[in-house]
1. Would you confirm, using the coordinates I've provided, whether Leu294 is surrounded by fewer than 17 Cβ atoms within 10 Å (Cβ to Cβ) and more than 26 Å from Phe203 (Cα to Cα)?
2. Has segment 313-321 got at least one residue that is at positive phi, in the same structural domain as Arg234 (by TED's automatic domain parsing) and not β-branched (Val, Ile, Thr)?
3. Among the residues of segment 239-248, are any closer than 18 Å to Trp196 by Cβ and either surrounded by fewer than 18 Cβ atoms within 10 Å (Cβ to Cβ) or aromatic (Phe, Trp, Tyr) (or both)?
4. For segment 281-291, name all the residues that are closer than 16 Å to Gly307 by Cβ and either outside any strand (DSSP E or B) or not assigned by TED's automatic domain parsing to the domain that holds Arg253 (or both).
5. Filter segment 121-175 for residues that are part of a loop (DSSP other than H, G, I, E, B) and touching a helix residue (DSSP H, G or I) at 6+ places or on another chain (Cβ under 8 Å); which is surrounded by the most Cβ atoms within 10 Å (Cβ to Cβ)?
6. Pairs, please: C-beta under 8 Å, at least 6 apart or cross-chain, first residue under 14 Å from Val105 (Cβ atoms) and at pLDDT below 95 and in segment 294-309, second surrounded by fewer than 16 Cβ atoms within 10 Å (Cβ to Cβ) and of a type in the set (Phe, Trp, Tyr)?
7. For segment 134-173, which positions are over 14 Å from the mean Cα position of the chain (by Cα) and under 22 Å from Tyr121 (Cα atoms)?
Amino acid sequence: MNEVIFRCDFCHKLIELPANTHYDKLQHEGCSGRFHKVDEAKTSKAGSSGWFPAVIIVAVTLGITVALFFGLFKGALPFLGTAVDKDSPVNLYDSIPFEAGTEWVYKIEIPAGQSPETYRYILWPTAMGIVASEVEGAFDPPPGKKSFVINIRAKGPVNSDQHPFNLKEFSGFDAIELEIIKDEIGFFDQAEQVFWAKDPAHFMVVEMATYPPDSELTRFAPAGFTAKYGLGTRPIFFIDAPKTAKSTTDKDRLGFWGGDTRVPHYEGKMLSHFRREVNGTNGHNFTEDMWFELGIGLVRLEQKIGGKTSMTWSLLEFSRGAK
């Protein structure tokens, strides 16, 4: 008998039910969500499991304009270490290639018994103020599956009038939109668009994602709040002195640990080492060590929870687009 896949709209749990039954919008016991049929296209993209939001915190900031909020957002934590050396021989525009057609393929491995964590901080501008949602969750891999693939391609440069770069806070940013060709782990599953943007004023590369207003990430927003979009941003690379940190919230911070020549499979090659530290709610804490190669971008990521490796990303294939 043919079976249909259903996904819980809150915790993302997937179940298979006979196709001739009527279980759409079935209440998920032990959870506040309901099951809905999953599109075949989305099923093939997300794989057989998904990120389970364990904690969703919604804060409402009234009377604050988008401009002011983004100003606070960028400088939420003081920068540590020395100031940026503007005469540094390392060029921000050589750090991560932005040419259209550039492509990265990553192999993601999850050790047996581990459930990697995720954290997102998303702003929802409304007429009454900003609704800020913090989403913490874990990925529960399907039984017997420990390896996944993410394939990302640079679509091309973004016009200054394209949302969200039409906001004055992001004027002057050099940005590319990313095409998520394959995402077996569902890492970008809920994002409508994904960008990498170079912020020349702060010498850093920021990952930006937009979320539709009907996203389940707004399910706990107060009644009456309607947003046209959601916007999540976080730094993924910057140029500064070692032991310098930048952050978007007091729970999620990225530190530069300096050069590293001892990375597995890259021994003897100088890579830039960054560490992301997330201090979530109810023990949802993790670190992500990331290594970047000049002219290529991210080549390796290792997430740890409680000192144990919970997930690794390894660059399998890379091809640079024409300049």
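1. Values: surrounded by fewer than 17 Cβ atoms within 10 Å (Cβ to Cβ): yes; more than 26 Å from Phe203 (Cα to Cα): no.
In short, no.
2. From segment 313-321, those at positive phi are none; that's our starting set.
No, the conditions are met nowhere in segment 313-321.
3. No, there is no match, as no residue in segment 239-248 is closer than 18 Å to Trp196 by Cβ and either surrounded by fewer than 18 Cβ atoms within 10 Å (Cβ to Cβ) or aromatic (Phe, Trp, Tyr) (or both).
4. Quick first cut of segment 281-291, residues closer than 16 Å to Gly307 by Cβ only: 283-289.
Answer for segment 281-291, where residues must be closer than 16 Å to Gly307 by Cβ and either outside any strand (DSSP E or B) or not assigned by TED's automatic domain parsing to the domain that holds Arg253 (or both): Gly283, His284.
5. Here is the first cut: in segment 121-175, the residues part of a loop (DSSP other than H, G, I, E, B) are 127-128, 140-146, 158-167, 171-173.
Going one step further and asking which of them are touching a helix residue (DSSP H, G or I) at 6+ places or on another chain (Cβ under 8 Å), we end up with 164, 167.
Numbers: Pro164: 23, Leu167: 14.
The extreme case among them is Pro164.
6. none
7. Kept after step one, since they are over 14 Å from the mean Cα position of the chain (by Cα), are these residues of segment 134-173: 140-149, 151, 153-173.
Selection gives Asp140, Gln162, His163, Pro164, Phe165, Asn166, Leu167, Lys168, Glu169, Phe170, Ser171, Phe173.
Yes/no matrix, rows are residues, columns are (1) touching a strand residue (DSSP E or B) at 6+ places or on another chain (Cβ under 8 Å); (2) more than 22 Å from Asp199 (Cβ to Cβ); (3) not assigned by TED's automatic domain parsing to the domain that holds Met290:
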{"residue": "Glu109", "(1), (2), (3)": "yes, yes, no"}
{"residue": "Gly113", "(1), (2), (3)": "no, yes, no"}
{"residue": "Arg120", "(1), (2), (3)": "yes, no, no"}
{"residue": "Ser133", "(1), (2), (3)": "yes, yes, no"}
{"residue": "Asp140", "(1), (2), (3)": "yes, yes, no"}
{"residue": "Gly144", "(1), (2), (3)": "no, yes, no"}
{"residue": "Ala154", "(1), (2), (3)": "yes, no, no"}
{"residue": "Val158", "(1), (2), (3)": "yes, no, no"}
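The values are calculated or read from the model by the stated rules, or taken from the named source; none is laboratory data. Worth saying up front: this structure is predicted, and the values here are computed from it rather than measured. No Cβ is skipped: glycine too gets one built from the backbone with ideal geometry, and neighbour counts run over all protein chains shown.
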